[in-house]
Each structure stands twice: as structure tokens, then as C-alpha cells.
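As C-alpha cells, the structure follows; a few thoughts come after it.
The values are calculated or read from the model by the stated rules, or taken from the named source; none is laboratory data. As the structure is a computational prediction, the values presented were derived from the model and not from experiment. A quick note on method: Cβ atoms are made from the backbone with ideal geometry, for glycine too, and the neighbour counts reach across all protein chains shown. Just so you know, the surface numbers come from the protein's heavy atoms only, side chains and all, with ligands and any DNA or RNA stripped out. Shrake-Rupley method; radii C 1.70, N 1.55, O 1.52, S 1.80 Å.
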Amino acid sequence: MKKVYLETFGCQMNVSDSERVATSLAASGFEITSIQDSADIVLINTCSVREKAEQKLYNTVGEIRNSRLVKPVVGVMGCVAQLEGETLFKKIAGIDFVVGTRAVGRVVHAIEKVYDGVEQVSDLGERENDYDWSVNDAQRHSPYVAFVPIIEGCNKFCTYCIVPFSRGREVSLPASTIVRHVLELRRQGAKEIHLIGQNVNSYRPKTDSGMELFHGATPFSRLLRAVAATGIERIKFNTSFPRDFHPDIIDAINENENLCNWVHLPVQSGSDRVLKRMKRGHTIDSYFKKIDKLKDSARDVALTTDIIVGFPGETEADFEDTKRAVEYCGFDMAYIFKYSPRPGTPAFEMEDDVTLGEKKLRFIELERVQKESQNKRLQRYLGKKVEVLAERVSSRSADDITGHSTCHKLVNFQGSKDLIGKLVDVRIREIKSNSLFGEVC
Ligand code: SAH
Ligand code: SF4
Ligand code: F3S
């Protein structure tokens, strides 16, 4: 039995693709191993959203070349594979096959070709119509949590972003397929599902089969209600695109207990001038209006975000606007990134005029502002009871269990292994920088 080691970089879409690839490999008689050294095949699922992410591919292949006496079969899939295609064979020595983002269903095919003696196998073709979206229980990152893709690709073309090029245009899955998938996961024992996509709230299926049964102002809020009606314990979704974030989504959350208290809504910048140059399609005021409604909602919905510092042309005044926006919004968490020019994107043609030193300073300063605001904001959980899905024994202490709350916080608490897979009420006793600590109530 050939052993495959699968390394995954990048976002939830890559994690989800890797899970499906692992499922199809296992079904074809391969063994998935967590030990790279003894694997016959090393498969790297790549990300190209920032230069650093792309560099991870080069480092990983280099390490394999230097550390192994017998070179394994090396395959590259994901966003770098899609963008670079066959040029990867020239750029990095030691790669045997390249599989694009739409060809993930044919990884086994590519491996078979390599074993048949074909050199430099590449498949950047389109996805089959009857593509299998299911993931075997054993190949998921958790038996209790499952990613369910609802929309693939991106049509937004924010000027800094490579994703529309690496993932192609938006394609929504039929609602009936999604609902069937969730029902099946529920039957298998999954407690929490994440509806995933680059922009979940741009969901727009070709046929709305069965969706007319559900009210909602947009196809996405109808889908949320349809998925809520499956009775699965918890539903989360990400990422949301601010321009398409209809207030009805908040109504759907308020109406359905199983829609969780968490929205990830990347603001990117607090300056209208920068947002315009980013082509985000929202102004800072329109963003504030949306989160005001979120804050006014009966449920305590946690808001998280992504922010880029040092976008071309970002002045000190623009950066001050971003700091103010962070203070106003009160994010429970923010992922902050230094702008990284991506060849092929419109922003690549703009002058990258904020120096690396300045980007670093703005990054540190914004992190400070966010941490300060976050520390204050998270105090509201102190003494509160939160529902946690117990996922595993903590890596820090064998007496502790780790899981996520409905507001998507990492929560540790003292408890026995028997709780794993259950929803547990935990009273929060301590706020740490990236997690909460509590006790079973
Ligand atoms: N679809 C989501 C997220 C896509 S990528 C959205 O629209 O928000 C995840 C995050 O990476 C983005 O939100 C952005 O903050 C960051 N990002 C994307 N391209 C980048 C670049 N060229 N440089 C730095 N950060 C980038
Ligand atoms: Fe990239 Fe913008 Fe699409 Fe998000 S919405 S994936 S940032 S182009
Ligand atoms: Fe990276 Fe591709 Fe996701 S570029 S962020 S893995 S869509």
C-alpha cells in the first residue's frame, strides 16, 4: 500500500479540498500518513495569497530534496499549481505532477500516470459535473466539525488579490446538494458544520430547487434557513463579503438558535480612499451601518475581520482611519496582513510605495490597537456561560478539553475525555490573548 503525506497551506477552501483528496486517495487504496519521511508520495496543497505563503512550497520541496535518500513522488495542487501550471516543473526541481484547483477530483489519476512512467504530469482542466463533494469521516480535521463548500471561486477582483485568478469565477452548489450533504453529516455524528466559500453571502445557485419554501431576502439567507431546518446542532459560515452582507442574514441568525454567534466580515481598511483603490465595493460608513445592526441584534454576535496595512498609496492619515475603524468596530479578533504585491493583480501595477519598514511599523501599531480593543471587548465573556463543542484533549494539558464556542472562540476547560463530541456549557473564568478558559457548569 502506497503511503501519501498531504501538507496543506492556505484557507478553509484548501483544507476542504485536501479532505476530499484524502478521501478519494483512501478509497483508491492509498494510506494517508502523518509522517513525511516514510511517505511514498508527498502532496502539497498550496496558497499564493501572499508571497510568504507561496514561499512555503519552495521551502517544502527543498527540504524533501535535501532530507530524503530516496526521493518520493512529489505533487503540487492548489492555488500555486493553478497559477503556475507547467512552469513549476522548470522553477523547482523534483516535482512530478501538478494538479489545479478545479482538478482536485483527479489527483489519483495524476498519481497513476506518474507510476505508469509519464513525466511532468499536469492537469489544470475543469471540474467534472458529477464531482463528488462528500468527505469520508476519517479524513476530516475533526469527526464533529465539517466544512461544507457552498460557493467556489470569486468574481470580486479586489485589486490586491490573486484568488479570482487561482480559483476562477464564482460557482454556487445547488441548495438541494448542500442540504443533503448536511443531513448526511448529521447522521454520521457531525455536530457543527461550516458553510464555506471565498464569499458565502454571494451565493447564487442556478436553480433554487426547494428554496422557495424558505423566506429570505437573498439566496444566501434562504440557504441559511434551509440548512438551519436540517436540525444540525451548529452552523457557522465564512467568509462574508461586506458589500453583499444583507441585514436579513442577521435576522436569520436571530430566528435560528443553531446559526452560531459569529460573523467574519473583512473590512481591509478604514479609509474610503484606500477601499476605493482596493475596489472593495464598500465605504467605511456602509460597513459601520452593517455592523451597527449586528451589534443591535438580540444575540451577542462576535465580529472578526481581515485588514491589510501598507496598500499602495496608503498615507499616514489613511492608516489613522484604519486605527479609528478598529476602535469603533470592536472586533473580537482581527487578522492583520502586510500588503504583498501579487503578480497579475491590478495593484501589482501600482507603485508599492509604502516601505517594508513602514509596513512593519503599521502592522505592529495596528496589532497593538486591536489587542487593546480586543482585551476590553472580550471581558464581556467573563463569568458568562458559553456553549462549547468539546473537540479534543488539549495539547497543553491532558486534564483539559479544547473546543470552540458558538462565538468561535477557542475554549479550554477541565473535563474528562467522555465529553468529546458533546456540547458542553462552560462558565468563562479567564480571558487569555487567543483563547478563553472556563469550567463546566
Ligand atoms: N474572500 C475573503 C478573503 C480572501 S483572502 C475576502 O474577500 O475578504 C484572505 C485575506 O488575505 C484577505 O481578506 C486579505 O486581508 C488578505 N490578502 C489578500 N490578498 C493579499 C495581498 N496581496 N497582500 C496582503 N494580504 C492579502
Ligand atoms: Fe480576494 Fe476580494 Fe475575492 Fe476576497 S472578495 S477572495 S479579497 S478578490
Ligand atoms: Fe490561498 Fe488559494 Fe485560499 S490563494 S487563501 S489557498 S483560495
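Dipole magnitude for segment 124-219: computed about the Cα centre from +1 point charges on Lys and Arg Cβ and -1 point charges on Asp and Glu Cβ, it is near 240 debye. By accessible area, using a 1.4 Å probe on protein heavy atoms only, the chain has 50% of its surface on carbon and sulfur.
Of Lys289/Lys323; Lys295/Lys422; Lys295/Lys360; Lys290/Lys385; Lys3/Lys71; Lys206/Lys289, which pairs sit farther than 25 Å apart, going by alpha carbon to alpha carbon?
Checking Cα-Cα distances, Lys295/Lys422; Lys295/Lys360; Lys290/Lys385; Lys206/Lys289 exceed 25 Å.
For Lys360 and Lys3, what does the FRET efficiency come to when R0 = 51 Å and r is the distance between their Cβ atoms, rounded to the nearest 0.05? Computed FRET efficiency for Lys360 and Lys3 comes out at 0.80. Protein heavy-atom accessible surface, 1.4 Å probe, per residue over segment 3-123: 43 Å².
For Phe147, the amide hydrogen comes within under 5 Å of the amide hydrogens of His194, counting only partners 5 or more places away or on other chains and with H modelled in the peptide plane. Express the Stokes-Einstein translational diffusion coefficient of segment 116-239 in µm² s⁻¹, to the nearest whole number, given a Kirkwood radius over alpha-carbon pairs, 4 °C and a viscosity of 1.567 mPa s. Answer, rounded: 82 µm²/s. Calculated [222 nm] ellipticity per residue, helices only, for the chain: -10000 deg cm²/dmol; basis is -39500 (n - 2.57) per DSSP H run with n ≥ 4, divided by all residues, nearest 500. Per-residue SASA remark: Asp318, around 10 Å² accessible (1.4 Å probe; ligands, DNA and RNA not included). Phi-derived couplings, Karplus 6.51 cos²θ - 1.76 cosθ + 1.60 at θ = phi - 60°, listed residue by residue for segment 137-144: 2, 5, 9, 7, 5, 8, x, 9 Hz, with x used for Gly and Pro. Amide H to amide H distances under 5 Å link Thr101 with Gly78, Gln82, where only residues 5 or more positions off or on other chains count and H is placed in the peptide plane.
What does the net charge come to around Phe30 if you take all other residues with beta carbon closer than 13 Å to its beta carbon, with K and R at +1 and D and E at -1? Local net charge: -1. Heavy atoms of the protein chains alone define the surface here; on that basis segment 137-379 has 41 Å² accessible area per residue at 1.4 Å probe size. Estimated at the nearest 10 Å², the accessible area of Trp133 is 40 Å² with a 1.4 Å probe.
Given the options Ala22, Asn59, Gly105, identify the residue whose Cα lies farthest towards the positive end of the charge dipole of segment 3-123 (+1 on Cβ of Lys, Arg; -1 on Cβ of Asp, Glu). Of Ala22, Asn59, Gly105, it is Asn59. The fraction of all Cα pairs in the chain landing in successive 10 Å bins from 0 to the largest distance is 4, 19, 28, 29, 17, 3, 0, given as whole percents.
Charged side chains reduced to their Cβ positions (Lys and Arg at +1, Asp and Glu at -1) give segment 382-440 a dipole of some 160 debye around its Cα centre.
Rg and Dmax over the alpha-carbon atoms of segment 382-440 stand at 9.8, 28 Å. With all protein chains in place and ligands, DNA and RNA left out, the 1.4 Å accessible area ranks Phe241, Phe165 as Phe165, Phe241, largest first.
Considering segment 33-151 at the alpha-carbon level, its Rg and Dmax are found to be 14.8, 43 Å. Where both residues lie in the chain, what percent of DSSP beta bridges are antiparallel, nearest 5? Antiparallel bridges: around 35 percent, rounded to the nearest 5.
Can you tell me the dipole magnitude for the chain around its Cα centre, using point charges on the Cβ only (Lys, Arg +1; Asp, Glu -1), in Debye to the nearest 20?
Working: 62 positive and 62 negative charges, 126 e Å.
The calculated dipole for the chain is roughly 600 debye.
Only one residue of Ser286, Met350, Ser166 has its Cα farthest out toward the positive end of the dipole of the chain, where Lys and Arg carry +1 and Asp and Glu -1 on Cβ, and that residue is Ser286.
Dimensions of segment 137-379 from C-alpha coordinates, computed as largest minus smallest value along each principal axis and given longest first, are 53, 42, 36 Å. Within the shell defined by Cβ-Cβ distances under 10 Å, the residues around Cys47 carry a net charge of +2, with Lys and Arg each +1 and Asp and Glu each -1. Residues whose amide H falls under 5 Å from that of Val74, counting only those 5 or more places apart or on a different chain, are Val42, Asp96, Phe97, with hydrogens built in the peptide plane. Computed with every protein chain present, the accessible area of Ile284 is close to 20 Å² [probe 1.4 Å]. Shown in residue order for segment 13-21 are the 3J(HN,Hα) couplings computed by the Karplus curve 6.51 cos²θ - 1.76 cosθ + 1.60 at θ = phi - 60°: 5, 5, 4, 5, 4, 4, 4, 5, 5 Hz (x for Gly and Pro).
In a shell of Cβ-Cβ distance under 14 Å around Val369, excluding Val369 itself, what net charge do Lys and Arg (+1) and Asp and Glu (-1) give?
+1
If the viscosity is 1.002 mPa s and the temperature 20 °C, what Stokes-Einstein diffusion coefficient in µm²/s follows for segment 113-174 when Rh is the Kirkwood radius over Cα pairs? Roughly 143 µm²/s, to the nearest whole number. Here's the list of aspartates and glutamates a cross-link from Lys191 could span, going by alpha-carbon distance under 13 Å and ignoring same-chain residues fewer than 8 apart: Asp137, Glu233, Glu387, Glu391.
Expressed as a whole percent, the proportion of Cα-Cα pairs in segment 132-203 lying more than 22 Å apart is 30%. Out of Pro205, Gln188, Tyr115, whose Cα points farthest toward the positive end of the dipole of the chain (charges: +1 Lys, Arg; -1 Asp, Glu; placed on Cβ)? Most positive-ward Cα: Gln188.
Translational diffusion coefficient of segment 308-399 (Stokes-Einstein, Kirkwood radius from Cα pairs, 4 °C, 1.567 mPa s): 82 µm²/s.
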